[in-house]
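Rule-based calculations on the coordinates, nothing more; no lab input. Being a predicted model, the structure only gives us computed values, none of them experimental.
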Amino acid sequence: MVVMRSAGGLLRVMCGLTNAREPRIFGFMAKQEFSIPKIADRVRTEADAYLMLEELRWGGAPTACPKCGGMDRCHYIAPKNGTDRKTRTGSASQRRVWFCGHCRKQFSVLTGTIFHGTRIPVRTWLLVMFDFCAAKNSISAWEISRRYEITNESAWHMLHRIREAMKREPLAGLLTGAIVSDETWYGGKPKNRHRSHAGRSGFTDKQPIVSLIHKESGEVRSVAVPTVNGENLTAILRENVDIPASVLHTDAAQIYRTIGMPFSDHQSVSHADGEYVRDGVSTNTAEGFFSQLKRSLDGTQHHVSVEHLPRYLSEFDFRYSTRKMDDSERMRLMIGRTDGRRLPYAPLTADGPVRVPPHVVDACM
Ligand SMILES: [Zn+2]
């Protein structure tokens, strides 16, 4: 939605002839349900933050208990003094607590979600989630750490939990229609490694990424694979695409000749012959997605370990697939997927604590 709905209205604004109810701005201003000032204004206390999250997740009140699944017997326990309650450590908490009449246990809007057990204020979570959903090229943990005054480890864990929520639904259906399949390689060239690092010569060990894009809806599904071969590509396509009912669009790579056979049709363009689009057949959508992905991985994150790469791919698949939504719709969709996706810090860092290399820290400062 834009402020000025007509050309006449825009002209009046540009000439400074606005009436008292219209903001004096030049050009267009997108109006959204949420923005950082709107959230900051609406959520002034932790109790407000819990209320807003309850509205976003449950539409106001829980429909079922997250612990036993029991319905209809959940009720809110109001604090005795009306504002806060004492925790086990003796501090005051504004957490909104609910009680289930079936299992007789207490729970909150955070139970069983990516927020489970967090010590970061829910108010900070809401602001960070909006900021993250609105950022086209992603945001690094260091930026979040500085902006919201939390430790880098907390910011890093927070962003990975948000990425976990951005993963597509496990029961998301198969893609049907025209599907673009393409691959890219992420990482530096071995010859550019420092002298002290092993493996400077020999074949590339860049990480291959395969992406499938549904041409009509623009939905993307990306997978990091050990190698690009017929077996891996076939497995990914079978898992995500209704093959007999779909048309495959690829470049002229030899590997797709056999893979494309079971599809109802297989069309390819030959980049080597300077052919990029032919009768609506192209891999341009995949090229566009890859350039956005690499800009964000190189420009914002600087370095992504192979171990965590699938979660970053979920993030960029989500960003690209929802690019036509506004930031508020994207945040609502993401928050709707937070249930049942706990991501504790310990298994995430099983190989040791998070260490950001010094050169990355310098680059982010
Ligand atoms: Zn229960």
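Per-residue Karplus couplings for segment 58-68, computed as 6.51 cos²θ - 1.76 cosθ + 1.60 with θ equal to phi - 60°, are listed in order as 10, x, x, 9, x, 8, 8, 6, x, 8, 10 Hz, Gly and Pro entered as x. Counting only residues at least eight positions apart within a chain, or on another chain, the lysines with an alpha carbon under 16 Å from that of LYS136 are LYS294, LYS324. Using the Karplus relation 6.51 cos²θ - 1.76 cosθ + 1.60 with θ = phi - 60°, the per-residue 3J(HN,Hα) values for segment 243-257 come to 4, x, 9, 10, 10, 9, 10, 9, 7, 7, 4, 3, 4, 7, 4 Hz, with x marking Gly and Pro.
Evaluated over the Cα positions of segment 178-324, the convex hull gives a direction-averaged projected area, one quarter of its surface, of 10.0 nm². Considering only C-alpha atoms, what is the centroid distance from segment 57-120 to segment 312-333, in Å? If you average the Cα positions of each part, the centres end up 29 Å apart.
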